[in-house]
């Protein structure tokens, strides 16, 4: 069974998988925050947003970014899937143990796995839209003004920030870099800040057509 394989002791393979998962996770979180700041340029006006978008288009940064995301995404998913139970019977065992233990960190891992699966689908849709439609304030505003897309981006924002926060928490605590409780408070503040920035950007884009 996959669960038995995941629990098998193989120091070299385990370290390699952990390293790939950690590095790819950190790169994805870094990209998420940079992306949030890029979108937040709309706070400074349409000109600022379009200037950044034009810079990316001029130097071909969008295709490079997509290639980077695909490589990092696949690396992260591959490392995570090696540890996750994929069969229904194994998932039931994990769920049963989580309910039995009643530990917050265990439940956060379960929900992180669920949100990660949802983010994969939502991120693919978002990347496909941006790749084919392009980036500028007008196009982004039109998408956000559509109810379905507005809900889509709000859900993606919340799930991404939750997943990133839990992921960073698990990395730092697992490797013993920081105090567990202090890190949780810091990450909660950062996640709230990013959600506020993202929500504000969505609101500005929504009101551009008003």
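Observations, loosely collected:
- Positions within the range 36-60 being without any contact (Cβ under 8 Å) to a residue 40 or more places away in the chain and either outside any helix (DSSP H, G or I) or surrounded by 14 or more Cβ atoms within 10 Å (Cβ to Cβ) (or both), in sequence order: 38, 41, 45, 48, 52, 59, 60
- For the range 175-196, a residue qualifies if it is in contact (Cβ under 8 Å) with a residue 60 or more places away in the chain and in a helix (DSSP H, G or I), and exactly one does: 194.
- For the range 142-170, the set of residues classified as surrounded by fewer than 20 Cβ atoms within 10 Å (Cβ to Cβ), more than 24 Å from residue 108 (Cα to Cα) and touching a residue at least 12 places away in the same chain (Cβ under 8 Å) consists of 142, 143, 145, 150, listed by residue number.
Throughout, read-outs are computed from the coordinates displayed, never taken from laboratory work. Being a predicted model, the structure only gives us computed values, none of them experimental. Cβ atoms come from the backbone with ideal geometry, glycine included; neighbour counts cover every protein chain shown.
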